[in-house]
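Input: a single structure, listed below in structure tokens.
No value in this document is a laboratory result; all are computed from the given coordinates. Please read all numbers here as calculations on a predicted model, not as lab measurements. All Cβ positions, even for glycine, are placed from backbone atoms using ideal geometry, and neighbour counts span all protein chains on display.
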Amino acid sequence: MLIFSLINMKIKFDFDKLSNASKELKKHINKKIILICGEMGAGKTTLIKDLLIHMNVTDNVTSPTFSIINEYKTINKEIVYHMDLFRIKEVNELYNIGFFEYLESGKTCIIEWGEIFEEIIESDYNKFTITKLDNFRLLIKNR
């Protein structure tokens with residue numbers, strides 16, 4: 001099942017339609033910084049992995065939970081950064097990993113758990129929230 005709402009982007013999908021949902025998500029990205037938010041186990045990483053395929057990433061995509069930041073290349077040799085801020089507990093840690101330099105690089109930055117530090121992101125960004133609904137997921141564009 002895949003249901004779209006075009007007025008305010010809302011996509012209701014089950015995981016066998018994940019590829020269609022991530023293609024639709026890609027159409028609604030118009031910023032270089034993308035926050036993917038949602039509770040633990042909602043499917044943020046899985047959604048991002050599929051989104052990166054549709055963004056023509058050629059590298060093997062893995063979760064950045066422990067590395068915090070993964071760098072990928074696309075077919076066109078563009079760089080995409082995939083970040084997971086779950087383990088970051090203080091703003092100083094963001095400075096230590098060069099987080100703000102990544103945001104200012106002009107490269108695409110896809111950030112899991114970005115809502116944790118959203119209030120200090122000065123750059124313009126898109127924000128999407130994925131929510132678990134029994135056997136389905138609801139993906140909403142918040143910004």
For Lys132, Lys141, ascending order of other Cβ atoms within 10 Å (fewest first) is Lys132, Lys141
In the structure shown, of Lys17/Lys107; Lys12/Lys73; Lys27/Lys141; Lys10/Lys127; Lys49/Lys127; Lys32/Lys127, the pairs separated by more than 20 angstrom at the C-alpha atoms are Lys17/Lys107; Lys12/Lys73
Computed over the chain, the relative contact order (Cα-Cα under 8 Å, seq sep at least six) in percent reads 33 percent
Checked the range 66-143 with the C-alpha gyration tensor, a ≥ b ≥ c its square-rooted eigenvalues, rounded below a/c of 1.5, otherwise prolate if a/b is larger than b/c and oblate if not; verdict oblate
Which of Tyr81, Tyr125, Tyr95 fluctuates most in a GNM of the chain (C-alpha springs under 10 Å)? That residue is Tyr95
Here, the chain modelled as identical Cα point scatterers in vacuum has Debye log10 I(q)/I(0) at q = 0.11 Å⁻¹ of -0.38
The answer for the net charge of residues other than Arg87 whose Cβ lies under 13 angstrom from its Cβ, with Lys and Arg +1 and Asp and Glu -1, is -3
